[in-house]
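Reviewing the structure listed below.
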Amino acid sequence: MSAELTGLRVKEVLDSLTASGQAEAGEVLVRELMAFYSAGLARLVELLPPGVLTPLLDDRLVAGLLALHDLHPEDVTARIARAVADFAVEVVGFDRDSGVLALRKVSGCGCGSSAMEDVESALSCHAPEVTAVELERPPAPLLQIGARPPAAAEVR
Amino acid sequence: MNARPISRPGSALLRRLREPAPPQPERCGFCGVRLPSGHRHVVDTDDRALACTCPACAMLFETPGAAEGRYRKVPDRYLMDPAHELGRSDWESLQIPVSTAFFFRNTALRRLIALYPSPAGPTESELDPQTWEFTLGRTRLAGLLEPDVEALLLRRTTEGLQYFLVPIDVCYELVGRMRLHWQGFDGGSRARAELDSFFARVEQRARVLAQEVAL
């Protein structure tokens, strides 16, 4: 379960309401419930002693819920760090205006596109502000393999 | 190096539905076309209700006998008669418990009906229509009043009595605004500010009656 999956299911139901006025009524129902839960969550976050939420913030469901309602106590940089912590990537930079997050692979291992999907899924829970990911190639290895060993170096 | 977009339609939908719904554009009660703000209304004389109309549908109901006269287009005129001689004692004879009220002539009941804004919406005065007829009936504005679609709007102020002939839909607009902003026993400062700005707009739009007669 995640905000994304829930949203997709809601969307599917709303899309099936085609008769005049039904989709609008459906949206109103969702809005009413979301407003209620959102207000309750906001109060909860406000009244909790500081720091109590911190151990929960690595949980994707909790983090996603708090982020959806703009109640997450951490800023976007910290949340991105949380999202990518389990993956072999590091953050190069995040552009708030475009929503583009630049990442770099840490190890030379062959992280395929499925690993990237996991990163994106984690990002959408922790940091929905990220709308696109840019993956830098790992830096070129320092050691150049030439045709001949550099003989001059050995003399020194 | 290309940025790979993350598509999250489900989350986007939930984020959108988190916010209160944007105001829905009003639609013509007859053909369903979307209407801009400031559109016209017709009075449903059977149900004593207002319906929003587009100009085309409003024109249809102007044809004599259309829908057996059930729908009547609300006119667009605002009139004032600075020479009206209504005073404080006249207001008291109307026995309106608040500072503002409007009166319209109901064709079905063949009498004046008095309504005033309240936190519960338009409230009808149950008092004697004969008195209203006697007090207001002798004014020039009352002589021009179109039944069902126009109203005589009165407000008691510290300076005296404001008196206008207005389209009936604006009276219900006033009732709606009062209901929205009403706080406490007497309406509170926001309701009073709404009332002031409403009457300022009415006064601005109103033509002085003497000119109307000269035309």
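So the values come out like this:
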| read-out | value |
| --- | --- |
| Residue, nearest to the other protein chains (Cβ to nearest Cβ), within segment A:11-32, restricted to residues that are under 14 Å from B:G10 (Cα atoms) and hydrophobic (A, V, I, L, M, F, W, C) | A:V30 |
| Scope segment B:13-28; condition of a type in the set (G, A, S) and crowded, with 16+ Cβ neighbours inside 10 Å; matching residues | none |
| B:D169 being at positive phi and modelled with pLDDT of 85 or more | no |
| Selected residue (only one of B:D76, B:D47 is under 17 Å from the mean Cα position of the chain (by Cα) and modelled with pLDDT under 85) | B:D47 |
| Scan of segment A:1-10 for residues that are more than 7 Å from chain B (Cβ to nearest Cβ) and at pLDDT below 90, ordered by number | A:M1, A:S2 |
| Check on B:S93, at pLDDT below 85 and hydroxyl-bearing (S, T, Y) | yes |
| Qualifying positions in segment A:38-55 - part of a helix (DSSP H, G or I) and surrounded by fewer than 13 Cβ atoms within 10 Å (Cβ to Cβ) | A:A39, A:G40, A:R43, A:L44, A:E46, A:L47, A:T54, A:P55 |
| Single unsatisfied condition, B:R70 versus (1) surrounded by fewer than 16 Cβ atoms within 10 Å (Cβ to Cβ); (2) within 30 Å of A:F36 (Cα to Cα) | (2) |
| Residue that is surrounded by the fewest Cβ atoms within 10 Å (Cβ to Cβ), among those in segment B:73-127 that are among the β-branched types (V, I, T) and in contact (Cβ under 8 Å) with a residue 40 or more places away in the chain | B:T107 |
| Unmet requirement for B:C31, which otherwise passes all of (1) without any contact (Cβ under 8 Å) to a residue 24 or more places away in the chain; (2) within 14 Å of chain A (Cβ to nearest Cβ) | (1) |
| Selection within segment B:3-37 - among the acidic types (D, E) and out of contact with any Cys (no Cβ under 9 Å at 6 or more places or on another chain) | B:E19 |
| Among residues of segment A:18-37, those that are outside any helix (DSSP H, G or I) and of a type outside the set (S, T, Y), counted | 2 |
| Within segment B:1-66, strands (runs of 3 or more DSSP E) holding 1 or more residues that are out of contact with any Lys or Arg (no Cβ under 6 Å at 6 or more places or on another chain), farther than 27 Å from A:E27 by Cα and assigned by TED's automatic domain parsing to the domain that holds B:T107 | none |
| Residue within segment A:83-93 that is within 14 Å of another protein chain (Cβ to nearest Cβ), crowded, with 18+ Cβ neighbours inside 10 Å and in contact with a strand residue (DSSP E or B) (Cβ under 6 Å, 6 or more places away or on another chain) present | yes |
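Per-residue answers, yes or no, for (1) over 14 Å from A:I80 (Cβ atoms); (2) of a type outside the set (A, V, I, L, M); (3) at pLDDT below 85:
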position: A:D97; (1), (2), (3): yes, yes, no
position: A:C109; (1), (2), (3): yes, yes, yes
position: A:L123; (1), (2), (3): no, no, no
position: A:H126; (1), (2), (3): no, yes, no
position: A:V130; (1), (2), (3): no, no, no
position: A:A140; (1), (2), (3): yes, no, yes
position: A:P149; (1), (2), (3): yes, yes, yes
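The values are calculated or read from the model by the stated rules, or taken from the named source; none is laboratory data. Please read all numbers here as calculations on a predicted model, not as lab measurements. Virtual Cβ from ideal backbone geometry, glycine too; neighbours counted across all protein chains shown.
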